[in-house]
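Reviewing the structure listed below.
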Amino acid sequence: MHVDWKHIAIALAILPVAALLFAWIGFFNVGASSGHWKITDWFLHFAMRSAVRTYALSVDVPEKLPHHTLQPAAGHFARGCAICHGAPGEPRSPAVLRMLPQPPALAERVGEWNDAELFRIVKHGIRFTGMPAWPSQARDDEVWAMVAFLRDLPAMDERTYRDLAYGDPADPALHPVDFGQSLAECVRCHAADGLGRSAATPILAGQSEAYLIQSLRAYAEGRRQSGVMALPATAVDAALLRDLAQHFAALPSRKPDRIHHDPALMRRGEEVARIGIPAAKVPACLGCHGGRERNPLYPRIAGQPAEYIAVQLDLFRHGKRGGTEFSHLMTDAAKGLSDTDIAALAAYFSTLRQAPATGAP
Ligand code: HEC
Ligand code: HEC
Ligand code: HEC
C-alpha cells in the first residue's frame, strides 16, 4: 500500500490544533454528573494502579505493623477520612457519592493492596481524584499506623470503631452525636425559632410532628429529592430525628405580617384554595390543608413563605416531589395548575394566619 507521508505529516500537525480548538470551544465536558466513559475509567485506574505498584517498590515495610497506635489512627480516620470513605456504621454521604471518581468504601477495597501500596496511597494521596496526601510528610510512623488501622477495617464492627474513634458511648461528655449538636446543625438554616432564615426555607415551627419526621426520613432515603436536605437528614443519628421533629413542632408558629399588594391575585388564590378549578381537575386546597382537624400528614401551609410554596407546587406539578406516603395526592392536585394559579396560591397562603376549616365558600 502506498503511504502518503505528506498527508500523515499534515494530519499530525493539525491534531494538536484540533485538540486545542475542541478544548477552547468548550466541548470537553468537565462535569462530574455523567461519569467517565468506561474506557476512560479503565485507563485512569490502570494508570493509577500501575503507578502505585511501581512507586511502592521503594517503600521500606516494617516487619510488624504497629498495633498500639490503632486508637489515634481511628480517631484521625473519623475526621480526616470518613467524610469521604464512610466508616463502620457511617455510610458515605450523598454529596460524596456524586464525586468523580467516587471514594470507595474502604473495607471492601483494602484487600486489593499490599502494605507498601497502602502506605504509598495514604502518604502521597492520588492526583486528580480528591484523595489527599497525609497532612505531615515527615511522619511515616503515623502513616504506618493508618495502614495498620486499614488492615483491621474489614473485620471491624461499628461498636469497636466507635469506641476507638470516639470513646465510651456511655460517657455523655464523649457522646459524638447528642441532641444539642444535631439541633445546632438544623439551626444554621432553620433558625433557633424554626421560622427559617430565608424565603427558600420552610417554617418548621408549629408544623405537625408526624409530617416533619416523615419528611426527614423521605430526604434521608431519597424519596424526597433535595441535595441541601439530604446531607443533614443523613448526617444526624436516625434515633434523633424524632426528637428534632418534636422540638420544632412544639415551637410557636409565625403570625405572618406580610401584606400582599395585589388584591386581584389574592382573590384568585382564595378562590382556588376554597373551590379549586373544576375545569382543570384541581381540588379545593382547603379540603386537605384547612382547619385544625386534618390528617397529621397533611402539612400546615398557612404562613409559609410565598417563594417556598411556589417552588414546591412547581415540583409537585412536574412529578418531582415525593415525601410522605400521601405525596401522590398532592401531585394529582397540582397537575392542572398554571403559573398564574401558583403565584396566586403562594400569595394567598403565605399571608394566611390560620387556614379556614372548610373548603366551602
Ligand atoms: C476528599 C475525599 C477523600 C478523603 C478526605 C480521603 N480520601 Fe481516600 N480516596 C478518595 C478518592 C476519590 C479515592 C478513589 C480514587 C480512585 O478511584 O482512583 C480514594 C482512594 C483511597 C484509597 C485506595 C482505594 C482504592 O482501592 O481505590 C485508600 C486506601 C484511601 N483512599 C485511604 C484514605 C485514607 C486513609 C484517608 C484519610 C487519611 C483518605 N483516604 C481520605 C477520596 C478521599
Ligand atoms: C443548609 C441549610 C439547611 C440545613 C442545615 C437544614 N435544613 Fe432543613 N431545609 C432546608 C431547605 C432549603 C429546605 C427545603 C428543601 C426542599 O425544597 O425540599 C428544608 C426542608 C426541611 C424539611 C421539610 C419541611 C416541609 O415543610 O416540608 C424538614 C422537616 C427539615 N428541613 C428539617 C431539618 C432538620 C431537622 C435539620 C437538622 C438536622 C435541617 N432541616 C437542616 C435547609 C436546611
Ligand atoms: C387530597 C389532599 C390534598 C389536596 C386537595 C391538596 N393538598 Fe397540598 N399536600 C397534601 C399532602 C398529603 C402534602 C404532603 C406531601 C408530602 O410531602 O408527602 C401536601 C403538601 C403541600 C405543600 C408542601 C408543603 C411543605 O411544607 O412542603 C404545598 C405548598 C401544598 N400542599 C399546597 C397545596 C395547594 C396550593 C393545594 C390546592 C391547589 C393543595 N395543596 C391541595 C395534600 C393535599
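The values are calculated or read from the model by the stated rules, or taken from the named source; none is laboratory data. Keep in mind it's a predicted model, so treat the numbers as computed, not measured. Heads up, the Cβs are rebuilt from the backbone with ideal geometry, glycines too, and the neighbour counts pull from every protein chain shown. All accessible areas refer to the heavy atoms of the entire protein, side chains included, with ligands and DNA or RNA removed. Shrake-Rupley method; radii C 1.70, N 1.55, O 1.52, S 1.80 Å.
Going by what's in this entry, would Q207 be described as touching a residue at least 40 places away in the same chain (Cβ under 8 Å) and open to solvent by 30 Å² or more (accessible area, probe 1.4 Å)? Write out each step before concluding.
On the way: touching a residue at least 40 places away in the same chain (Cβ under 8 Å): yes; open to solvent by 30 Å² or more (accessible area, probe 1.4 Å): no.
The answer is no for Q207.
Of V52, V59, which residue is in the same structural domain as T129 (by TED's automatic domain parsing) and part of a helix (DSSP H, G or I)?
Every option except V52 fails the conditions.
For segment 294-304, state whether one or more residues are within 12 Å of ligand 3 (Cβ to nearest atom) and of a type in the set (V, I, T).
Yes, because at least one residue in segment 294-304 is within 12 Å of ligand 3 (Cβ to nearest atom) and of a type in the set (V, I, T).
Checking Y161 against (1) at pLDDT 90 or above; (2) open to solvent by less than 30 Å² (accessible area, probe 1.4 Å); (3) not assigned by TED's automatic domain parsing to the domain that holds A145, which single condition isn't satisfied?
(3)
If we scan segment 168-184, do we find a residue that is in contact with a His (Cβ under 7 Å, 6 or more places away or on another chain), surrounded by 14 or more Cβ atoms within 10 Å (Cβ to Cβ) and of a type in the set (G, A, S)?
Checked segment 168-184: no residue is in contact with a His (Cβ under 7 Å, 6 or more places away or on another chain), surrounded by 14 or more Cβ atoms within 10 Å (Cβ to Cβ) and of a type in the set (G, A, S).
Among the residues of segment 185-198, is there at least one that is free of Cβ contacts under 8 Å to residues at least 60 places away in the same chain, in the same structural domain as T69 (by TED's automatic domain parsing) and surrounded by 12 or more Cβ atoms within 10 Å (Cβ to Cβ)?
no
Any chance segment 65-77 includes a residue that's touching a strand residue (DSSP E or B) at 6+ places or on another chain (Cβ under 9 Å) and within 18 Å of D157 (Cα to Cα)?
yes
Determine whether E307 is outside the structural domain of E209 (by TED's automatic domain parsing), among the acidic types (D, E), within 14 Å of ligand 2 (Cβ to nearest atom) and modelled with pLDDT under 95. Full working, then the answer.
Details: outside the structural domain of E209 (by TED's automatic domain parsing): yes; among the acidic types (D, E): yes; within 14 Å of ligand 2 (Cβ to nearest atom): yes; modelled with pLDDT under 95: yes.
The answer is yes for E307.
I need a count of the residues in segment 201-229 that are of a type outside the set (A, V, I, L, M) and either under 18 Å from A302 (Cβ atoms) or within 16 Å of ligand 1 (Cβ to nearest atom) (or both).
Looking only at that region, the number is 8.
So that you can scan it fast, the table gives a plain yes or no per residue for (1) among the polar types (S, T, N, Q); (2) more than 16 Å from ligand 3 (Cβ to nearest atom); (3) under 30 Å from A230 (Cβ atoms); (4) open to solvent by less than 30 Å² (accessible area, probe 1.4 Å):
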residue	(1), (2), (3), (4)
R53	no, yes, no, no
P72	no, yes, no, no
V96	no, yes, yes, yes
V147	no, yes, no, yes
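Looking only at segment 1-21, which residues are in a helix (DSSP H, G or I) and open to solvent by 100 Å² or more (accessible area, probe 1.4 Å)?
Of segment 1-21, the ones in a helix (DSSP H, G or I) are 5-21.
Listed by number, the residues that qualify are W5, K6, H7, L12, L15, L20.
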